[in-house]
Amino acid sequence: MSVFPKETIKNIGESLGVTNLKDEVATALAQDVEYRVHELIQEAAKFMRHSKRTKLSVDDVNAALRVKNVEVKPPKFRKTTLNSNDIYFDEDDEIDFESVLSKPLPKIPLDVTFTAHWLAIEGIQPAIPQNPTPSDAKAELLSKRSKSHTSSNGITTDQVNVKPLVKHVLSKELQMYFERITEAVLSEDERLQSQAFESLRLDPGLHQLLPYFVQHIHKKVAQNHKNLDVLEAMLSMAHSLLNNKHLFVEPYLHQLIPPIISCLVGRVICENPQQQDHWATRNRAASLIATICHQYGKAYHTLQPRITKTLLRAFLDPARPLTTQYGAIIGLDKIGPEVTRVLVAPNIKFYSENCLKSALESPNAVRVQEAERCKNALVTVLDHIAEQNCLSLAPKKSEDDMDEDDLAPSEQDKTQLIEFVGEIIGKAYLEKEVRKDRVKSLILSANQEL
C-alpha cells in the first residue's frame, strides 16, 4: 500500500485534463511516485552527509533534482477544497493586459531566402564572394586558437579579426600569365596572337583563371561593340576556351553566351559597315553558338530552346534592323536543319512580305545590300533543309525514283514552293536549285508542318 492515496493521483490527473482514471492505474502511479520520492531523498541525503550536516536542507533536494536532470522550479502552490478534499495547484501569474497592449510591436522578421552557388568544381574553388579563400580559412583557424589575449598584468583584451578585401588570391605567375595573354590577343602581331590562342586552347592549368577570362571577354565586347578587331579577338578567345578539354566551362556559359550573341545579332558591330566585313564575324559567332548548343545542349536541356527563342524573336521582329535579322537567320541555320525546318521555314513567307520586300525596293544601296544578304541566307536555309530531307528519304527510294529526281521540277512543284515560302525567296531558290527531289522535299516538309 502506497503512502500516496489513489484519490490524490486522480485529482492531479483531473487538473492535467486526464479524466476517468482507473483505480488500478492510479494505484500503480502512486507506487511509482513513492519510489521516485524515496530515490530522491536518498540522493539528497548523500549531499547532506558530504556536507558534514545532520539536517536535510532544500539545497540538498535541489542538488539531487539536478543530478536526476529534473528542472528545479520554485514552489508556487495554492490550496483549495473540493468535495471535502484539499487540492494543491500551481499559482499562475496575473498579467496586466494594459501593459501588454501598450508595449511596442516587435519588428517583422525577414523572409527566409536562399541562394545557390558552386562550392567547388572538379576540386577547384570558384572565385565568388560566397566561398571562403585560403587566407580566410587560416585567419579563422588562428582566431579559434586564440580568441583572447591576456597581458602580463592580467587584463584580457579581445582579438580584432580584419577580413581581407581580396576574396580570391592568384599567384604572381597566374597574374602575369593573365596580363600577357590579354595583351597578346589584342596585339597586332599575328604570330603572338596565334600563340596566345593556342595556349588558351591547350594549357591544362587555367582552372583558376577561367572566370577572369570569361569576365574579360564580356567586358571587352561591351566596351568595344563597334570595334571589329576586338570582337574578332574575343570570339577567338572564346573559341579557344570552349575547345580546351581540360577546362570545365559549363558554370560560366551564362556569362559567355551573351557577348557571343551580341556579336551575332548586334545592330552595328563595326565603324564602317560598307568596307569592313562584319558578315564574316557574324558567321563566326553563329558557329560558336551552334558549338555551344551541340556540346552542352544534352546536359542542359533549356540551353538550346532559350537561344533559339531569342534568335527567332530577333528574326520575326520587323522593327529590328536587317543586320540583326541576318544574324538570327544564320544562327538558327548553324544550330541545325531540324530547327530551321520547324521555326524558320514556316515564317519565310511572312518575313519576305513584311520585311524583305520593302528593303529590296529601297533607294538606299546599303539597305538593299543587307536585304540581299538576308535573302541569300534564307535560300541557304532552304538548301540545308532540302538536303537533310533528301538524306532521310534516300534509303526508301528505288533506282527509278533516283533517276527521276535528277529531272527539273515541274511547274506545279514550283507553284507549290512559291506558295509556301513566298515569291521572293521561292524564285531565288529555284534559280539556284534545278533538281526535282530537293523541291519535292521542301513541299513535303511544308505539308507536314501544315
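Residues of region 353-372 that are more than 17 Å from Gly426 (Cβ to Cβ) and surrounded by 18 or more Cβ atoms within 10 Å (Cβ to Cβ): Ala359, Glu370.
If you go through region 264-282 and keep only what is surrounded by fewer than 18 Cβ atoms within 10 Å (Cβ to Cβ) and farther than 10 Å from Thr323 by Cβ, you end up with Glu271, Asn272, Gln274, Gln275, Gln276, Asp277, Ala280. The single condition from (1) loosely packed, with under 11 Cβ neighbours inside 10 Å; (2) within 23 Å of Thr8 (Cα to Cα); (3) under 60 Å from the mean Cα position of the chain (by Cα) that Asp86 fails is (3).
Filtered by the rule that a residue be of a type outside the set (Phe, Trp, Tyr) and either touching a residue at least 40 places away in the same chain (Cβ under 8 Å) or touching a His at 6+ places or on another chain (Cβ under 7 Å) (or both), region 98-130 gives Ile121, Glu122, Ile124, Pro126, Ala127, Ile128, Gln130. Say whether the condition of being modelled with pLDDT of 75 or more, in a strand (DSSP E or B) and touching a helix residue (DSSP H, G or I) at 6+ places or on another chain (Cβ under 8 Å) is met by at least one residue in region 123-146. No - not one qualifying residue is present in region 123-146.
For Gln42, the conditions (1) assigned to a helix (DSSP H, G or I); (2) loosely packed, with under 12 Cβ neighbours inside 10 Å; (3) modelled with pLDDT under 90 are fulfilled apart from (3).
One residue alone among Val221, Val185, Val214, Val230 is more than 30 Å from Gly123 (Cα to Cα) and buried (at least 21 other Cβ atoms within 10 Å of the Cβ), and that residue is Val221.
None of Ile260, Ile335, Ile307 is within 14 Å of Leu231 (Cβ to Cβ) and either among the aliphatic types (A, V, I, L, M) or surrounded by 17 or more Cβ atoms within 10 Å (Cβ to Cβ) (or both) except Ile260. Counting only residues that are among the acidic types (Asp, Glu) and not in a loop (DSSP other than H, G, I, E, B), which one in region 90-117 is nearest to Thr80 (Cα to Cα)? My answer is Asp90. Considered as a group, the residues in region 261-316 that are within 22 Å of Gln223 (Cα to Cα) and among the small types (Gly, Ala, Ser) include one that is farthest from the chain's Cα centre (by Cα), and that residue is Ala280.
The values are calculated or read from the model by the stated rules, or taken from the named source; none is laboratory data. Just so it is clear, the structure is predicted and the values come from calculations on it, not from any experiment. With ideal geometry, Cβ positions are generated from the backbone for all residues, glycine too; neighbour counts draw on all protein chains shown.
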